[in-house]
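Worksheet: one structure, shown below.
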Amino acid sequence: MHLKNSTITLQLPLDAASESVSVKNLVLSCDPYMRGSKRTDRNSLFSSLSPDSPVVGYGVCKVLDSKHPNFKKGDLVWGFTKWEEYSIITKTDSFIKIEHTDVPLSYYTGLLGMPGMTAYAGFYEVGFPKKGDYVFISSAFGAVGQLVGQLAKLLEI
């Protein structure tokens, strides 16, 4: 894949034997769990932060080239990417194709992304709230907590 700009040409080659994709990162999230990526536990999902590599987090991307059967050029996807303009993603198991583009793409890093899924699952799948219940949110100013507060308001609890 060649990307041309008025000043530079960028080549992002994909290994023909892999199921990797090259993407242009459009929206990147900054979430509290990223603090934990400072640890040195090599078995964690995220490697530790280092000055010579980009931060890894959720993002919305446009597929530029793909060797993966589920993603084709032009698809919009969200999942784990890097904080850089263009990325080659070799671990695509976190990527989900965006089918609904009638909302702002940034919603996929918030309300429709990890904070929204966590709030929804915690509130409805774990909490099972009913009308008249009290809802205690230990941190209602955070990404997840403020969404739980909105879900509780919708139920008129």
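The values are calculated or read from the model by the stated rules, or taken from the named source; none is laboratory data. Keep in mind that what you see is a predicted model, and the values were worked out from it rather than measured. Virtual Cβ from ideal backbone geometry, glycine too; neighbours counted across all protein chains shown.
Go through segment 81-97 and report how many residues are crowded, with 19+ Cβ neighbours inside 10 Å and touching a Phe, Trp or Tyr at 6+ places or on another chain (Cβ under 8 Å).
Looking only at that region, the number is 4.
What is the number of the single condition among (1) more than 16 Å from the chain's Cα centre (by Cα); (2) assigned to a loop (DSSP other than H, G, I, E, B); (3) at pLDDT below 90 that residue 10 does not meet?
(2)
Let's see how each residue does on (1) assigned by TED's automatic domain parsing to the domain that holds residue 27; (2) assigned to a helix (DSSP H, G or I); (3) of a type in the set (Phe, Trp, Tyr); (4) exposed (fewer than 11 other Cβ atoms within 10 Å of the Cβ):
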{"site": "99", "(1), (2), (3), (4)": "yes, no, no, yes"}
{"site": "108", "(1), (2), (3), (4)": "no, yes, yes, no"}
{"site": "123", "(1), (2), (3), (4)": "no, yes, yes, no"}
{"site": "130", "(1), (2), (3), (4)": "no, no, no, yes"}
{"site": "133", "(1), (2), (3), (4)": "no, no, no, no"}
{"site": "144", "(1), (2), (3), (4)": "no, yes, no, no"}
{"site": "149", "(1), (2), (3), (4)": "no, yes, no, no"}
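Within segment 68-79, is there a residue that is surrounded by fewer than 19 Cβ atoms within 10 Å (Cβ to Cβ) and farther than 23 Å from residue 16 by Cα?
No, the conditions are met nowhere in segment 68-79.
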